[in-house]
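A short reminder: the numbers here are calculations on the coordinates, not readings from a lab. Since we're looking at a predicted model, the values are computed, not measured. Using ideal geometry, Cβ is built from the backbone for each residue, glycine included, and neighbour counts are taken over all protein chains shown.
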Amino acid sequence: MPDIQITPYASPYETMTVSAYIDAFSGAPWFDVWEPQWVADRLTWLNSVPNATSLVALDKDQVVGGLFGYAKPYKGRLDFEIAELFVTQAWQGQGIGKTLIAELDRLPQGKDINVVHLLTARDSTSETFYQRLGFTRNDRLGFLIKRRPSRSNGSITGKGCGGLRQRFFPIATSPSDR
Ligand SMILES: CC(C)(COP(=O)(O)OP(=O)(O)OC[C@H]1O[C@@H](n2cnc3c(N)ncnc32)[C@H](O)[C@@H]1OP(=O)(O)O)[C@@H](O)C(=O)NCCC(=O)NCCS
C-alpha cells in the first residue's frame, strides 16, 4: 500500500477531485464521458446533503481517489449509500479503494450504520472489487427507471443527469452516435 492519506473533501480539492473522477470512470468497466462541470455539480451536491461523508485519497498533495456518500435513517438506524467511489487508473489495484471503504468504520455515526449499499455494474471488475470486501448482491431488490424526455429535443441527453443515467444509458459522444 503506497503512502496515501485519507482526508475530508474540501473545495480546494475540487479541481483535482473532478480530474480524478473523470480519469477513473473513463476506464474499465465504464468507459464513460463526463464534462468537468457535471462532475463538479454532482460532487458539490453530494457533499452538501445531510449526513454526507466525502473523502479524498491524497498522494502527497495530489488527489488519487475519493468516496462520496451519505447516511439515511432507516428503522431507527442508518443506511449508508456509497454514491461515488473512484481511484485514478494509475493508482488502481494498490489498496486505495479498500482503504476508503474501511474509513466508513471510523465515522462518528459508524456504530449506527446498519447497512452499506450501492449500485454498480453487474458482472464487472467493480462488482468483483465490492464482493472481495464482503458485499453481496441483493436478489430481492431491483433497480427500476423510467426514461424522461429532455426539454430540448425529446431525446435523452447527458446534461443535468446524475451518475447512474450517465453510466447505464450513456449519452452520444459523437454526432454519428445520435
Ligand atoms: C473499483 C475501484 C474503486 C477499486 O479501487 P482499487 O483501489 O483499485 O481497489 P483495491 O486495490 O483497494 O482492491 C481491493 C480488493 O479488490 C480487488 N480488486 C480490485 N480491483 C479488482 C479488479 N479489477 N478485479 C478483481 N479484483 C479487484 C483487489 O484484488 C483487492 O482484493 P484483496 O484485498 O483480496 O487483495 C477502482 O478500481 C475504480 O475507481 N474503478 C473505476 C470506478 C468504479 O468502478 N468505481 C466503483 C463503482 S461505482
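Does the range 94-148 come out rounded, prolate or oblate by the C-alpha gyration tensor, with a ≥ b ≥ c the root eigenvalues, rounded set by a/c under 1.5 and, if not, prolate when a/b is larger than b/c and oblate if not? Oblate shape, in that a/c is at least 1.5 and b/c is the bigger or equal ratio.
Close amide H contacts of VAL116 (hydrogens built in the peptide plane, cut-off under 5 Å, sequence separation of 5 or more or a different chain): PHE80. As a rough footprinting exposure proxy, the listed residues LEU118, LEU85 were ranked by other beta carbons within 10 Å of their own, and the order from fewest upward is LEU118, LEU85.
When each of the peptides 129-140, 88-99 is scored by the mean number of other C-beta atoms lying within 10 Å of its residues, the order from highest to lowest reads 88-99, 129-140.
Legend: residue pairs LYS75/LYS98; LYS75/LYS146; LYS75/LYS111, Cα-Cα distance threshold 23 Å; pairs beyond threshold, LYS75/LYS98; LYS75/LYS146. Annotation: the residues THR53, THR128, THR17, sorted from fewest to most other C-beta atoms within 10 Å of their own C-beta, follow the order THR128, THR53, THR17. Considering the range 4-139 at the alpha-carbon level, its Rg and Dmax are found to be 14.3, 41 Å.
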